[in-house]
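The values are calculated or read from the model by the stated rules, or taken from the named source; none is laboratory data. The shown structure was predicted, so the numbers you read here are calculated from the model rather than taken from an experiment. Cβ atoms come from the backbone with ideal geometry, glycine included; neighbour counts cover every protein chain shown. The accessibility values were calculated without ligands, DNA or RNA, using every heavy atom of the protein model including side chains. Shrake-Rupley method; radii C 1.70, N 1.55, O 1.52, S 1.80 Å.
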Amino acid sequence: MYDTKTIRRHAGLFTTMAERRGIDLQEAVLRAQITPNDITDGVLRCTGCTKPNTCEAEMAQSDRSKAVPDYCRNAAFLDALKDTN
């Protein structure tokens, strides 16, 4: 079980990674492209990442339009969602 601090950290990372790809997760739910459970699943996948510090550093320095890093556990999900927008 993850503590609240870990969940919040990875929720932020997941949301920021989605925004980096031009995806508004809340808007995607409203458009019925994904469900709230899809967001929960994405956050939980993120908690299994071995490179959260690298991710934070890259997002702080990188262009928003840049692709999701290969190591991202949500890369396929976010790429598929981007293709539906």
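Some notes on this structure:
- The accessible surface of the chain, taken with every protein chain in place and a 1.4 Å probe, is 50 percent carbon and sulfur.
- Size of charge dipole - the chain - debye, nearest 20, with Cβ of Lys, Arg +1 and Asp, Glu -1, no other charges: 160 debye
- Rounded to the nearest 500, the 222 nm mean residue ellipticity of the chain from helices alone is -19500 deg cm²/dmol, with -39,500 (n - 2.57) taken per DSSP H run of at least 4 residues.
- Accessible surface computed residue by residue for the chain, with neighbouring protein chains in place and a 1.4 Å probe, gives 65 Å² per residue.
- Under the combined filter of DSSP loop state and at most 13 neighbouring Cβ atoms within 10 Å, the chain retains these chymotrypsin sites (Phe, Trp or Tyr not before Pro): TYR2, TYR71.
- Zero-based 10 Å bins, Cα pair distances in the chain, whole percents: 18, 55, 26, 1
- Toward the positive end of the charge dipole of the chain, with +1 on the Cβ of Lys and Arg and -1 on the Cβ of Asp and Glu, the farthest Cα among GLN33, ALA80, THR47 is that of THR47.
- Rel. contact order, % - alpha carbon contacts under 8 angstrom, at least six apart, the chain: 43 percent
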